[in-house]
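Here the structure comes first, spelled out in structure tokens, and everything after it is commentary.
Quick note: the coordinates plus some simple rules give every number you see, no bench work behind them. Given the structure is predicted, the values throughout are model-derived calculations rather than measurements. FYI the Cβ positions are ideal-geometry reconstructions off the backbone, even for glycines, and counts take in every protein chain you see.
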Amino acid sequence: MEHLAILPILIPLLCGVLMLLPPISGQLSRQRSLSLAALGVLVLITLRLLLQAGSDEIEVYVLGDWQPPYGIVLVADRLSTLMLLLSSVLGFASMLYACAGDDRQGAYFHPLFMFQLMGINGAFLTGDIFNLFVFFEVLLIASYALLIHGGGKQKTRASVHYVVLNLVGSSIFLFALGILYGTLGTLNIADLAQKVSQLAPSEQAIASAGALMLLVVFGLKSAILPLQFWLPRTYSAASAPVAALFAILTKVGIYSILRVFTVIFGDDAGALAQIATPWLWPLAILTLIAATIGVLAASSLRQLIAQLVVLSVGTLLVGLAMARSEATGALLYYLVHSTLVCAGLFLLADMISQQRGKAEDRFVAARRMCQPVAIGIAFFIGALAIVGLPPFSGFVGKALLLKSTLLEGEAAWVYPAILFGGLAALIAMSRAGTTLFWHTSREPDSCDRVSRLQLAAVFLLLLTSPLLVIFGGPVSDFTYDTAEQLHGMSRSLHLLLPGGGS
Amino acid sequence: MEMAYALCVGILTTSGIFLTLRGRTFPVVVGLTLLSYAVNLFLFASGRLGIDDAAVLQAEATNYTDPLPQALVLTAIVIGFAMTAFAVILAMRARADLGNDHVDGRLPTITEESTAKEKP
């Protein structure tokens with residue numbers, strides 16, 4: 001099974017193309033079964049890759065046998081396979097929800113979804129930063145189309161901002177790549193890591209400018225403070241399965257920061273070591289503060305969840321800023337939890353707004369929901385998990401992260417920011433729950449029941465939270481080993497460069 | 001030559017950023033296009049500028065140009081072109097859906113004070 005590593009890119013690509021061809025393109029039911037089958041297979045393959053990477057073996061897939069640093073490589077280590085499994089589980093659940101009717105709102109939903117997943121998987125797997133750019137573009141152009149899918153004023157308005165910002169981001173990304181190639185002469189991540197420590201002093205300033213421009217781009221994708229204003233509107237305008245899939249887009253940014261600023265500009269980068277850390281500290285705390293205010297100010301459930309996404313990004317940034325192996329381990333645990341739970345909540349918000357008629361998901365009194373029990377249980381699990389109360393995974397994630405802070409210096413900033421964020425989330429979620437479930441003006445006149453598929457998708461995502469607690473030991477062991485491997489990578493580059501480098 | 005080239009990239013970037021910050025979608029799209037031209041030229045120069053060099057590795061050539069930036073530029077041009085096309089269509093769609101061509105989807109309200117200030 002030496003070709004297993006490329007399948008997470010090939011399967012969505014081929015299925016997406018197949019769905020555009022005659023026997024399948026005409027019928028929605030065929031597209032649905034192909035999508036679900038492909039995503040099911042994808043979950044199994046990524047699980048197999050994860051187990052393979054769990055034996056501390058880094059699989060370097062060399063395309064066309066052009067040895068790195070000259071050819072294109074895919075790297076399946078612990079971190080990439082963990083992210084791959086996360087994206088395929090998320091994709092499967094979102095698709096399950098979409099198959100209940102959201103894919104009927106416009107044409108080509110299924111192929112676009114597949115191309116989006118291909119971009120996400122590619123970004124996680126690639127071993128050089130130019131291909132990271134290419135896969136970013138693949139996932140972005142699919143996300144532009146998915147965002148506007150179904151049409152409507154809200155979506156168009158959100159799309160204009162999202163597209164323009166990301167096009168500017170792509171330009172900055174290319175400038176940064178040009179600078180890094182001009183100074184270091186390579187774009188392979190392992191080769192960059194090797195060369196950055198031997199950089200001449202005259203070129204260090206230029207290379208550091210390139211590195212920080214990369215931070216700006218990844219900051220835009222992952223919604224770090226001055227660049228996060230697009231997120232609430234975009235995520236609350238998108239249709240539910242799309243918003244759920246978008247929950248991983250911010251994490252693609254976090255993943256890229258982790259990869260680039262740990263492996264290339266990490267501890268072993270000579271004069272450029274830990275170049276991002278002085279920037280990440282204030283940005284992390286400010287993002288947390290801004291999101292705390294945003295959470296309290298949100299006036300509808302979708303906006304609230306979008307702000308909670310920003311809050312989780314702030315929490316993850318704290319872990320990034322600490323730039324230590326144990327903090328990264330805690331961060332990865334929290335990343336898995338927050339992606340799945342936020343996605344589940346986006347789907348849940350859509351079910352709630354379906355049942356409340358014209359009031360949708362705004363926090364106003366409206367007719368009673370006709371399935372308050374099933375939806376209420378899901379809301380209860382989701383709210384406790386995202387706020388970070390025991391016995392759910394948010395609590396474990398935050399506790400691990402707080403445990404990894406150093407008591408001198410760091411804790412004074414981190415503790416209040418994260419705990420106040422949690423308190424604000426608790427207040428906002430309980431206010432939301434009270435208004436949505438108990439503040440009813442009349443009985444429902446017609447019952448428009450949510451389908452079993454939709455409920456299954458929501459519970460699939462939300463029940464990962466208790467599962468992450470029950471299997472907390474093995475999962476956190478895995479994430480800590482992942483962090484260990486990632487932080488040690490700059491010292492064991494020969495594993496990634498079979499040809500020995502240039 | 002380096003100076004002229006750097007000035008070209010600089011002027012294109014400046015104009016691109018200026019236009020991108022405008023309030024209406026048409027200048028923004030033109031600004032994005034200029035920015036992508038600037039990026040393409042910049043990437044091209046990252047392999048160093050040279051005249052009369054061999055295009056690819058030859059046994060007898062002493063100087064050759066770096067072929068990689070040219071491949072990168074080609075990729076960037078294709079992607080940039082597709083993105084520009086999408087941005088144009090989206091801008092037209094926004095004009096049709098929202099009834100105006102402002103990037104926020106609504107024209108900024110002009111208060112009496114600001115119009116009074118503009119008058120001489």
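Values computed for the structure shown
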| read-out | value |
| --- | --- |
| Per-residue average of Cβ from other chains inside 10 Å of A:164-173 | 6 |
| Between helix A:153-184 and chain A: long-axis angle, C-alpha atoms, 0 to 90°, nearest 10 | 10 |
| Cα-projected label distance for A:GLN198 with B:ASP53, points at 7 Å along beta-carbon direction, nm | 2.0 |
| Along principal axes, Cα extents of region A:1-273, largest first, whole Å | 60, 45, 28 |
| Inter-label distance, nm, simple model (7 Å from Cα along the C-beta direction), B:SER15/A:LEU28 | 4.8 |
| Within 10 Å of each Cβ in A:151-161, the average number of Cβ atoms from other chains | 5 |
| Radius, Kirkwood style, for region A:420-471 when every pair of distinct Cα atoms is counted (Å) | 14.1 |
| Peptide-level mean, for B:9-16, of C-beta atoms on other protein chains within 10 Å | 1 |
| For region B:2-118, with +1 on Lys and Arg beta carbons and -1 on Asp and Glu, the positive-most of B:ALA82, B:SER36, B:THR13 along the dipole | B:ALA82 |
| Gained length - A:LEU63 relative to A:HIS3, 0.36 nm times residue gap less alpha-carbon distance | 20.6 nm |
| At 1.567 mPa s and 4 °C, Stokes diffusion of region A:433-502 via Kirkwood alpha-carbon radius, µm² per second | 74 |
| Cα-based helix-to-principal-axis angle, A:301-322 vs chain A, degrees rounded to 10 | 20 |
| Ranked by how many other beta carbons lie within 10 Å on average, peptides A:237-246, A:386-395 from highest | A:237-246, A:386-395 |
| Relative contact order of region B:2-118, pairs being alpha-carbon contacts under 8 Å that are 6 or more residues apart, as % | 22 |
| CD proxy at 222 nm, helix term only [per DSSP H run n ≥ 4: -39500 (n - 2.57); per residue of chain A; nearest 500] | -23000 deg cm²/dmol |
| GNM top mover of B:PHE86, B:PHE42, B:PHE26 - chain B, alpha-carbon springs below 10 Å | B:PHE86 |
| Alpha carbon Rg of region A:49-190, scaled by the compact-globule rule 2.2 N^0.38 Å | 1.21 |
| Isolated Cys residues of the protein assembly as shown, judged by Cβ distance under 4.7 Å to other cysteines | A:CYS15, A:CYS99, A:CYS342, B:CYS8 |
| Highest-first arrangement of A:24-34, A:461-471, A:188-198, A:45-55, where packing means the average Cβ count within 10 Å | A:188-198, A:461-471, A:45-55, A:24-34 |
| Calculated P(r) of region A:276-492 - Cα pairs past 22 Å, % | 51 |
| Tensor-based shape of region A:54-105 (alpha-carbon gyration tensor, a/c under 1.5 rounded, otherwise prolate or oblate) | oblate |
| Using alpha-carbon coordinates, inclination of helix A:7-19 to the longest axis of chain A, degrees | 50 |
| Estimated distance in nm for a label pair at A:ALA365 and A:ALA37, the labels positioned 7 Å out from Cα along Cα-to-Cβ | 5.3 |
| Stokes-Einstein D in µm²/s, Kirkwood radius over Cα pairs - region B:2-118 at 10 °C with 1.306 mPa s viscosity | 93 |
| Cβ-Cβ FRET estimate between A:LEU20 and B:ALA85, R0 fixed at 25 Å, reported to 0.05 | 0.85 |
| Value of Rg to Rh for chain A (Rh from inverse mean 1/r over Cα pairs, i.e. Kirkwood) | 0.96 |
| Whole-angstrom gap from region B:51-74 to region A:96-120, using each part's C-alpha centre | 43 |
| Long-range amide H partners of A:ALA366 with built H, under 5 Å | A:SER441 |
| Calculated FRET efficiency for the pair A:ARG452/A:LEU51, C-beta based, R₀ 30 Å, to 0.05 | 0.45 |
